[in-house]
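Chemist: Handing you a structure now.
The values are calculated or read from the model by the stated rules, or taken from the named source; none is laboratory data. Just so we're clear, the structure is a prediction, and the values are computed from it rather than from any experiment. Don't worry about glycine lacking a Cβ; one is built from the backbone with ideal geometry, like all the others, and counts go over all protein chains shown. Just the protein is used for accessible areas: all its heavy atoms, side chains included, with ligands, DNA and RNA removed. Shrake-Rupley method; radii C 1.70, N 1.55, O 1.52, S 1.80 Å.
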Amino acid sequence: MKITGGATLHAPVGTVWTALNDPAILVRAIPGCERLTATAPDTYQLTVTAGVGTITGTYTGEIALTPQQPPSAFLLTATGSGGPGTVSTSVQVRLADDGNGATQLTYDADATVGGVIAGVGQRMLTSVARRQATQFFTAIDELLLTRAAPAQPAAPPEGVRPGGAAGVSSPTAAAPPGASGTTWERPTADRQPAGRLGARPPTGSFLTGVAAGAAIALAGVIVGGLIARRKR
Amino acid sequence: MTSFFGASVQRVEDDRLLRGLGAYLDDLGDDALAAAFVRSPHAHARITDIDVSGALDVDGLVAIYTFEDLPGRLAEPLPLLIPHPSLTHGRTPYPLAAGEVNHVGEPVVMVVARDRYLAEDAAGQIEVSYQPLPAVVGLAAARAAQHLVHDDVPGNLAGNAVQENGDARAAISAAPHVLELDFEIERSASTPLEGRGVLARWDGQAQRMRIWTSTQTSTGVRAAVAAKLGLALADVDVITPDVGGGFGVKIVHPWPEEVLVPWAARLLGQPVKFTEDRREHFIASAHERAQQHHVRVGFDDGGRILGLDVRFWHDNGAYIPYGLIVPIVTSTQLLGPYKPGAYRVEFDSLYTNTVIVTPYRGAGRPQGAFVMERTMDAIAAALRLDRAVVRERNFIQPGEMPYDQGLIFQDGRPLIYDSGDYPALLAKLKELIGWDQFAAYQQAARAQGRRVGIGLGCYVEGTGVGPYEGGHVVVETSGKVKVATGLTTQGQGHQTVFAQLVADELGVPLADVQIVTGDTRRFGYAVGTFASRAAVMSGSAIALAARKARAKALRVAAEAMEVSADDLEIVDGIVQVKGDPASGIALGTVAVLSNPLRYAFDDAAQAATQFAGGDASRPPVAEGEEPGIEGRAFFSPARSTFASGMHAAIVETDPDTAEVTILRYCVVHDCGRLINPRIVEGQIHGGVAQGVAGALYERMAYDDAGQLQNASFMDFLMPYVSEVPARIEIGHQQTPSPLNPLGIKGAGEAGVIPGAAVLAAAIEDAEGFPVTSMPMSPSDLFELRRTHKDTP
Amino acid sequence: MSGGEELHEVRLTVNGAAYQVRVPARRLLSDCIRHDLGLTGTHVGCEHGVCGACTILLDGDPVRSCLMLAVSADGAQITTVEGLAEPDGTLSPVQQAFADCHGLQCGFCTPGFLTTITAGLRATPDPGEQQAREMVGGNLCRCTGYHNIVASVLRAAQIQRERAARRP
């Protein structure tokens, strides 16, 4: 399944680049994402709870960010799996200066969907993915305009000592070297009740970080959204 | 002992149905997801985009499928069920439209959701973009072929076929009298009260599919679904539930929904159900009847037909999955009970951007009867002869049976009438309606300013077409008899009629016999219910199977009772020495004895266990034998067997409003021996109602853009009780069939076949001008009167 | 049942039994009876009020349940085909008449006829043939041609009379 698209983000390329690589922001960006845990440099395991009405599902996924030509191109690979299905995707993300101080982002995603979710029909899958991507970029744009504070990393799990600068990160700082085990949690104030995926998020939404574009949308949202949708 | 054969036994299925305990398709599968479809609103268009995003917000949405989602064989067109050498350009639809739609109603997108309301909500939000193309509607447009339905079908011609017997054109050229006539019949449809529906359950552990569908052919659906989904036949069950009427439309298979619903059930791992609504039935199932005929007939001074040359055009709709059956039936059955000196028939089957055309009760015979009978009347008018006399002069005589018409019938076999007595039938009809007395009545009525007319119509019906049907009879240890046959039931009373046969053959009480039809788990080899074949085919097979079971029972009982089997009879379920009830043992006990046991499961079974006795020197089950009292048999005749009938009607037309009132309607019919006369009469009543409705009320009103303007019961005039003759007078004749062990012929379609012919004739007789097209509504008649204002 | 829609509580007495369901406002009474209450004897033939297969008795009057919303029937006493037989299981006069006269073939339209005629005979216990025809004049049947249905109406009246005469 191939999806391409783009968005205009109202911040310079460098700012956008940094935000896209910041896990503290990612955890607040992905709908239903409760926790991001670093498992290796630029690699995170995520736990997502997503729901439709009273129906929720939890699944785990992994995202890896591979800088290719900072700050203008990177590759995102993501996998996710839950009860009814699996997703594996790679997304080529490109950032370019649009000449007016804003960034033109384009993404080129290739996703493989398996399990029962694969059975809901291609157009429904791509339509959901496209919608999520659009919503995320709208939210990203909002964030870049309001510049809300990012989340704090949680206490590390027992037995694992965080290395390096495990502390506050801001959209403008370099991506913290998240040592294995470092976990970022969505701030409580940020948490939304399991919302309906596919619906437009409320204004001033919980998205205060930057979504890692379509890859996250695809990996996180599709699996979650379609798990929820699929339930009887 | 009284026989059940020929008895008007009350139906065994009625109690359940009267209590509301019927199990029709939509009554099943409460736990299933619901499927709904986005269907084309255009008669002819290319699909340019499908945007499903609007549907995503519908709660309970599970899946949305389009053609691109269909894998393997599902991405191929649906089967062309009946190939024929003359069908040179057969086209069938894809289960979901693959870029092009060819009729309003063609399915484009399939939605699956938690219930039907939500599925339809989602379907309503899906936006399909079309580029409309010119629509070909009606035979005139199809023939002119200014536009094509299918780009690769020149002239919109699916197939052209010719059959002839002798040189009709030469005979006509040499004939003393020649007439040239044109006739037209419009579309109608089966419209059973229950529409189509299908429910599928996929067993992921056993990797088996179980399907319920409101069909006329369980084995047909099974074969098609197995082929499309890559399953073995043995891994697909098709169960026919109670069916609320078929009348032909449900013989088509597989409907797109019949392959898509099982496919979705397997893909989603959940049961899925589809039930169409009434509008969908009008625009997405099937129609029939539309034809245009051009006839040239040459005849002598006595009205004997020397040559008959029929050229006709058949509208087969957007696709032709059922092949050329309907026009082939028209071609061959047009001859009716007559033997023209020479006959030539040629037809073109043409595509139009409308719903597909497949058999509807009569399956092309009503069109043929209309043409032949109107021609007969035209000959009589030209020669000023009595219309009945002209027919008599053209009849095949009883002494000429079997009579070979020199044509190939719809079963691929020679059109040979095996039996029938047409002169006797006509004599009966004339007496019943008072044919010879009518002229005086008409005169008297005219004097009062009333317009009355009489018409008659004859037909012949090839029934019991092959290839075969089968039956399985099992006598259980309880004495109950379980019977199965593979074809299906849509209200014909098979559970009663077949039970009558078995009760007779086996000598058991009727209440002890249970019949199951249309369940591939119970009987896997079958064709289906259509063409008035069920009693002939399954009835014969079941009777033969029962005879086998009976023979086995007598053999086993004879051994146990130490008598000869020839000395035994079965009365009321007791196997006894003839005339000696005290000697008997129950059939159920015989069943116990027929199955040597190691373990007794009850007291009665003890008699069959190892230490209960018997000859220890012989094997418990002899070579070539099987345990149990069962019989399994198939019936496969060489040809169809020909029923026949004649109808007559007296109508009155209102001089001002042009309304047509049927004063009397008489039927004489011959379907050989009758198993249950009341059920046969019920079939005639229903058929006559459809014939009358087709003659006066029903037509599919397509506009030039291919929109069906009357796709509901509000505007498609299904008859209520007020539109049907209050009394249908029925006379019987029985010329037994020599082609099956029971001597029976089919009766299912008889009532409808000559309806249009008869009423057209009666209206013409009342009005005094030719009636050459049906249906005839009051406004049609009004217009016709204006056209013929100057005709006396 | 639908997800996001507001649900309304509906109380129905059907064939003497009390039911309570929560349904969306747009739920048809026919679908409610068939799928929420599981009484599938009432059939749906057209969903636009023409065929009469869905006819039930609402407070004694024949009503096309496909043209009613379930919420509109709140508090009503409904009789469906499943409720026509006597408490001891004996078929009602109308039901018995249909069996006697071969008044049904596929049986799909039959429940609508049974309820309609039950109400009709209550109003006109001794119909002539024309009245019998009018009584069933609004229900469609595709199988029987109505001949035996009209006969069933007259036979039902007769059975009703006979049973009344036998009662002490």
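Chemist: Can you run down the residue pairs with Cβ atoms below 6 Å, 6 or more apart or on separate chains, where the first is in region B:625-654 and in contact (Cβ under 8 Å) with a residue 40 or more places away in the chain and the partner is of a type in the set (Ser, Thr, Tyr) and surrounded by fewer than 21 Cβ atoms within 10 Å (Cβ to Cβ)?
Modeler: Qualifying pairs under 6 Å: B:Phe634/B:Tyr468; B:Ser636/B:Tyr468; B:Glu652/B:Thr661.
Chemist: Sticking with this structure for a sec: Assuming B:Ala503 fulfils every condition listed in (1) closer than 30 Å to B:Phe601 by Cβ; (2) assigned to a loop (DSSP other than H, G, I, E, B) apart from one, which condition is it?
Modeler: (2)
Chemist: Pick from B:Gly470, B:Gly464: which is modelled with pLDDT under 95 and under 26 Å from the mean Cα position of the chain (by Cα)?
Modeler: Values: B:Gly470 fails: modelled with pLDDT under 95.
Matching residue, one of B:Gly470, B:Gly464: B:Gly464.
Chemist: Looking at region B:205-216, can you tell me whether even one residue there is surrounded by fewer than 24 Cβ atoms within 10 Å (Cβ to Cβ), free of Cβ contacts under 8 Å to residues at least 12 places away in the same chain and touching a Leu at 6+ places or on another chain (Cβ under 9 Å)?
Modeler: no
Chemist: Could you tell me whether region C:116-128 includes any residue that is within 7 Å of chain B (Cβ to nearest Cβ) and in a loop (DSSP other than H, G, I, E, B)?
Modeler: Initially, region C:116-128 is screened for residues within 7 Å of chain B (Cβ to nearest Cβ), giving none.
No, because not a single residue in region C:116-128 is within 7 Å of chain B (Cβ to nearest Cβ) and in a loop (DSSP other than H, G, I, E, B).
Chemist: Evaluate the following for B:Ser331: is it hydroxyl-bearing (Ser, Thr, Tyr) and part of a strand (DSSP E or B)?
Modeler: Details: hydroxyl-bearing (Ser, Thr, Tyr): yes; part of a strand (DSSP E or B): no.
The answer is no for B:Ser331.
Chemist: Sticking with this one: Quickly run through region B:113-129 and pick out the residues that are away from chain C (no Cβ under 13 Å), open to solvent by less than 40 Å² (accessible area, probe 1.4 Å) and not in a helix (DSSP H, G or I).
Modeler: B:Ile126, B:Val128, listed by residue number.
Chemist: Does C:Glu129 satisfy the condition of being open to solvent by 30 Å² or more (accessible area, probe 1.4 Å), at pLDDT 95 or above and within 23 Å of B:Gly691 (Cβ to Cβ)?
Modeler: Yes, satisfied.
Chemist: Moving on to the next point. Looking at region C:99-114, is at least one residue polar (S, T, N, Q) and more than 9 Å from chain B (Cβ to nearest Cβ)?
Modeler: If we filter region C:99-114 for residues that are polar (S, T, N, Q), which is where we start, we get C:105, C:110.
Keeping just the survivors that are more than 9 Å from chain B (Cβ to nearest Cβ) gives none.
No, region C:99-114 contains no residue that is polar (S, T, N, Q) and more than 9 Å from chain B (Cβ to nearest Cβ).
Chemist: Would you check which residues across region C:38-65 are open to solvent by 10 Å² or more (accessible area, probe 1.4 Å) and either on the phi > 0 side of the Ramachandran plot or more than 9 Å from chain B (Cβ to nearest Cβ) (or both) and list them?
Modeler: Passing the criteria: C:Gly38, C:Glu47, C:Gly49, C:Leu58, C:Asp59, C:Gly60, C:Asp61, C:Pro62, C:Val63, C:Arg64.
Chemist: For residues that are open to solvent by 10 Å² or more (accessible area, probe 1.4 Å) and within 26 Å of B:Leu742 (Cβ to Cβ), scanning just region B:647-674, find the one that is farthest from the other protein chains (Cβ to nearest Cβ).
Modeler: So the residue we want is B:Arg673.
Chemist: What do you reckon, is B:Asp49 surrounded by fewer than 22 Cβ atoms within 10 Å (Cβ to Cβ), over 27 Å from the mean Cα position of the chain (by Cα), assigned to a loop (DSSP other than H, G, I, E, B) and within 13 Å of another protein chain (Cβ to nearest Cβ)? Before the answer, list the steps.
Modeler: Numbers: surrounded by fewer than 22 Cβ atoms within 10 Å (Cβ to Cβ): yes; over 27 Å from the mean Cα position of the chain (by Cα): yes; assigned to a loop (DSSP other than H, G, I, E, B): no; within 13 Å of another protein chain (Cβ to nearest Cβ): yes.
Criteria not met by B:Asp49.
Chemist: Go through region B:285-304 and give me each residue that's in a strand (DSSP E or B), open to solvent by 10 Å² or more (accessible area, probe 1.4 Å) and not basic (Lys, Arg). Spell out how you get there, then give the answer.
Modeler: Step one: of region B:285-304, the residues in a strand (DSSP E or B) are B:287-288, B:291-299.
Retained after the next criterion (residues that are open to solvent by 10 Å² or more (accessible area, probe 1.4 Å)): B:292, B:294, B:296.
Scanning region B:285-304 gives B:Gln292, B:His294.
Chemist: Six or more apart or on different chains, Cβ atoms under 8 Å: show the pairs whose first residue is in region B:363-381 and more than 16 Å from B:Ile454 (Cβ to Cβ) and whose second is open to solvent by less than 10 Å² (accessible area, probe 1.4 Å) and charged (D, E, K, R).
Modeler: The qualifying pairs are B:Ala363/B:Glu288; B:Gly364/B:Glu288; B:Arg365/B:Glu461.
Chemist: Still on this structure: Which of the residues that make up region A:97-117 are within 11 Å of another protein chain (Cβ to nearest Cβ) and within 21 Å of the chain's Cα centre (by Cα)?
Modeler: In the first step, residues of region A:97-117 are kept if they are within 11 Å of another protein chain (Cβ to nearest Cβ); the result is A:115-117.
Answer for region A:97-117, where residues must be within 11 Å of another protein chain (Cβ to nearest Cβ) and within 21 Å of the chain's Cα centre (by Cα): just A:Ile117.
Chemist: Quick check on my filter: what residues within region C:74-93 are under 22 Å from C:Arg34 (Cα atoms) and not small (Gly, Ala, Ser)?
Modeler: Selection gives C:Asp74, C:Gln77, C:Ile78, C:Thr79, C:Thr80, C:Val81, C:Glu82, C:Leu84, C:Glu86, C:Pro87, C:Leu91.
Chemist: Do we find that B:Gly90 is open to solvent by 50 Å² or more (accessible area, probe 1.4 Å), in contact with a Leu (Cβ under 9 Å, 6 or more places away or on another chain), within 25 Å of B:Ala226 (Cα to Cα) and touching a residue at least 24 places away in the same chain (Cβ under 8 Å) in this structure?
Modeler: On the way: open to solvent by 50 Å² or more (accessible area, probe 1.4 Å): no; in contact with a Leu (Cβ under 9 Å, 6 or more places away or on another chain): yes; within 25 Å of B:Ala226 (Cα to Cα): yes; touching a residue at least 24 places away in the same chain (Cβ under 8 Å): yes.
The answer is no for B:Gly90.
Chemist: Taking region C:67-81 on its own, how many of its residues are open to solvent by 10 Å² or more (accessible area, probe 1.4 Å), within 20 Å of B:Asp277 (Cα to Cα) and within 13 Å of chain B (Cβ to nearest Cβ)? Steps first, please.
Modeler: Residues of region C:67-81 open to solvent by 10 Å² or more (accessible area, probe 1.4 Å): C:67-69, C:71-72, C:74-75, C:77, C:79.
Those still in the list that are within 20 Å of B:Asp277 (Cα to Cα) too: C:67-69.
The next check asks that each one be within 13 Å of chain B (Cβ to nearest Cβ); those that pass are C:67, C:69.
Total meeting the criteria: 2.
Chemist: Taking the criterion of being more than 14 Å from chain C (Cβ to nearest Cβ), outside any strand (DSSP E or B) and of a type outside the set (S, T, N, Q), would at least one residue in region B:713-734 satisfy it?
Modeler: Applying the first criterion (more than 14 Å from chain C (Cβ to nearest Cβ)) to region B:713-734 yields B:731-734.
Subsequent filtering for residues that are outside any strand (DSSP E or B) retains B:734.
In the following step, the residues that additionally are of a type outside the set (S, T, N, Q) were identified as none.
Looking through region B:713-734, none of the residues is more than 14 Å from chain C (Cβ to nearest Cβ), outside any strand (DSSP E or B) and of a type outside the set (S, T, N, Q).
Chemist: Kindly provide the set of residues from region B:9-26 that are open to solvent by 20 Å² or more (accessible area, probe 1.4 Å), under 23 Å from the mean Cα position of the chain (by Cα) and more than 8 Å from chain C (Cβ to nearest Cβ), ordered by number.
Modeler: Across region B:9-26, the qualifying residue is only B:Val12.
Chemist: Just give me the residues in region B:738-764 being assigned to a helix (DSSP H, G or I) and surrounded by fewer than 24 Cβ atoms within 10 Å (Cβ to Cβ), in sequence order.
Modeler: From region B:738-764, those assigned to a helix (DSSP H, G or I) are B:750-752, B:755-764; that's our starting set.
Scanning region B:738-764 gives a single hit, B:Glu764.
Chemist: Give just the number: which of (1) at pLDDT 95 or above; (2) open to solvent by 10 Å² or more (accessible area, probe 1.4 Å); (3) of a type outside the set (Phe, Trp, Tyr); (4) assigned by TED's automatic domain parsing to the domain that holds B:Val38 does B:Leu267 not satisfy?
Modeler: Here B:Leu267 clears every test but (1).
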